[in-house]
1. Against the definition (under 30 Å from Ile65 (Cβ atoms), surrounded by 20 or more Cβ atoms within 10 Å (Cβ to Cβ) and touching a residue at least 60 places away in the same chain (Cβ under 8 Å)), how does Leu184 come out, yes or no?
2. In segment 223-257, what residues are free of Cβ contacts under 8 Å to residues at least 60 places away in the same chain, touching a Lys or Arg at 6+ places or on another chain (Cβ under 9 Å) and either in the same structural domain as Gly310 (by TED's automatic domain parsing) or under 24 Å from Gly309 (Cα atoms) (or both)?
3. Within segment 242-251, is there a residue that is surrounded by 16 or more Cβ atoms within 10 Å (Cβ to Cβ), over 25 Å from Asn335 (Cβ atoms) and among the small types (Gly, Ala, Ser)?
4. Condition first: over 24 Å from Ala329 (Cβ atoms), among the charged types (D, E, K, R) and free of Cβ contacts under 8 Å to residues at least 24 places away in the same chain. Now tell me which residues in segment 267-284 satisfy that.
5. I need a count of the residues in segment 92-125 that are small (Gly, Ala, Ser), at pLDDT 75 or above and assigned to a strand (DSSP E or B).
6. Which condition from (1) in contact with a Phe, Trp or Tyr (Cβ under 9 Å, 6 or more places away or on another chain); (2) on the phi < 0 side of the Ramachandran plot; (3) at pLDDT 90 or above is the one that Glu257 breaks?
7. I'm trying to understand the selection: among the residues of segment 304-322, which are hydroxyl-bearing (Ser, Thr, Tyr) and in contact (Cβ under 8 Å) with a residue 60 or more places away in the chain?
8. Of the numbered conditions (1) part of a strand (DSSP E or B); (2) surrounded by 16 or more Cβ atoms within 10 Å (Cβ to Cβ), Asn335 satisfies every one except a single condition; which is it?
Amino acid sequence: MKKIFFLLFFIPFVCFAQKPSWVTDMVRNNDYPKEQYLTSFVSNVGAESPAFINALKASAKSELIEGIIISVQSTKYLAKSEIKGVVSEEYTAVSLSFADATINGLHTEYYYDKSAHTGYCFAYADKNKIKDYYKTNISFIIQKIEMTIENAKQFEDDGNKGRARKTYESATPFFDELNVDQFLLIAIEGNENESAQMQKTLALKAEIIQSVSWLQTAIAIYVQAKEKNFEQTVHLLEPKIKAELSKYGCSFVPTRENADWMLVINAQTRKGSVVEGIYFSYLDATISLVEKKSGKEIYNNNFTDIKGGGLDYDKAGRKAYDSGLKKIADEIIINIEK
């Protein structure tokens with residue numbers, strides 16, 4: 001019986017990844033036309049490693065984004081606004097950094113040619129998808145800003161100017177995100193519609209800035225003060241409280257009819273002890289804050305046992321007034337701004 005032997009030969013087979021079509025300039029430009037895509041293409045020679053791959057991808061992204069940034073750096077927009085009958089115009093230059101520019105829908109493709117020890121990376125983003133995303137996001141942010149302004153105006157109409165100012169100021173962070181989105185959209189689309197939308201954004205920002213400025217100078221306070229240092233009538237708290245509140249944009253009127261708020265101060269010192277030649281006095285003060293439009297007392301507080309020391313009771317009493325000033329002023333401004 002014959003024996004048949006089969007001799008098997010094992011031939012090593014090496015499989016190389018097929019080179020993608022986008023590596024070729026002509027194919028890449030045909031498949032990803034500039035009219036529809038943002039693109040960048042980079043290559044580098046070196047040993048393949050995670051660090052090599054990450055660096056190549058980062059380089060491709062950077063090149064794509066930098067191209068957008070360059071296209072908007074020299075742009076300026078004229079913002080016009082009218083607040084409280086005052087018309088203003090302001091040129092605003094575009095300022096966009098690499099850190100700001102995050103392109104939604106940015107993709108990267110990577111290929112490494114082992115025979116040539118060369119890595120290739122292709123970054124691309126569909127312009128239509130980017131535009132749709134940013135247009136939707138911009139509309140959403142503008143709606144939030146407009147709603148915030150409406151709420152602030154309602155507080156203003158109700159006479160609550162402190163709350164109105166805080167509400168206006170709460171819209172400020174929205175503009176950072178909005179400006180980046182709009183600048184990127186203009187760079188990609190570059191038409192008059194987006195320029196008009198930028199004008200609207202700048203007008204909204206100007207409205208908020210001017211409204212806050214107007215509200216700061218428009219908080220009018222009438223002060224009714226009765227202050228005594230023992231039996232002597234003094235004016236120690238009133239002028240100093242006015243000086244402190246002026247730092248926050250408050251103004252003061254001579255009659256209550258023209259006031260937004262009425263501040264009532266009743267203060268009196270009393271004698272304390274004498275220790276080793278140092279006299280001590282104590283200040284007791286009642287502070288009341290009334291919203292003029294509603295007639296409601298929105299704040300009332302008693303400050304007691306505010307201590308002051310001096311060479312006699314009079315000087316100690318005046319020192320007690322000084323000691324109580326900052327605490328009382330802080331309490332007043334907190335409640336005006338509520």
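1. On the way: under 30 Å from Ile65 (Cβ atoms): yes; surrounded by 20 or more Cβ atoms within 10 Å (Cβ to Cβ): yes; touching a residue at least 60 places away in the same chain (Cβ under 8 Å): yes.
Spelling it out, Leu184 is indeed under 30 Å from Ile65 (Cβ atoms), surrounded by 20 or more Cβ atoms within 10 Å (Cβ to Cβ) and touching a residue at least 60 places away in the same chain (Cβ under 8 Å).
2. Quick first cut of segment 223-257, residues free of Cβ contacts under 8 Å to residues at least 60 places away in the same chain only: 223-226, 228, 231, 233, 235, 238-239, 242-243, 246-247, 249, 251-257.
So of that shortlist, the ones also touching a Lys or Arg at 6+ places or on another chain (Cβ under 9 Å) come out as 223-224, 233, 249, 252, 256-257.
Residues satisfying the conditions are Thr233, Gly249, Phe252, Arg256, Glu257.
3. Scanning segment 242-251, I find no residue that is surrounded by 16 or more Cβ atoms within 10 Å (Cβ to Cβ), over 25 Å from Asn335 (Cβ atoms) and among the small types (Gly, Ala, Ser), so the answer is no.
4. Once the filter is applied, which keeps residues that are over 24 Å from Ala329 (Cβ atoms), among the charged types (D, E, K, R) and free of Cβ contacts under 8 Å to residues at least 24 places away in the same chain, segment 267-284 yields only Glu276.
5. Filtering segment 92-125 for residues small (Gly, Ala, Ser) gives 93, 95, 97, 99, 101, 105, 115-116, 119, 123, 125.
With the extra rule that they be at pLDDT 75 or above, the set shrinks to 105, 115-116, 119, 123, 125.
Now drop any that are not assigned to a strand (DSSP E or B), which leaves 119, 123, 125.
Matching residues across segment 92-125 total 3.
6. Among (1) in contact with a Phe, Trp or Tyr (Cβ under 9 Å, 6 or more places away or on another chain); (2) on the phi < 0 side of the Ramachandran plot; (3) at pLDDT 90 or above, the lone unmet condition for Glu257 is (3).
7. So the first thing to find is which residues in segment 304-322 are hydroxyl-bearing (Ser, Thr, Tyr), and the list is 304, 313, 321.
Within segment 304-322, Tyr313, Tyr321 qualify.
8. (1)
The values are calculated or read from the model by the stated rules, or taken from the named source; none is laboratory data. All of these numbers come straight from a predicted model, not from anything done at the bench. Methodologically, a virtual Cβ is constructed for each residue, glycine included, from the backbone with ideal geometry; neighbour enumeration extends over all protein chains shown.
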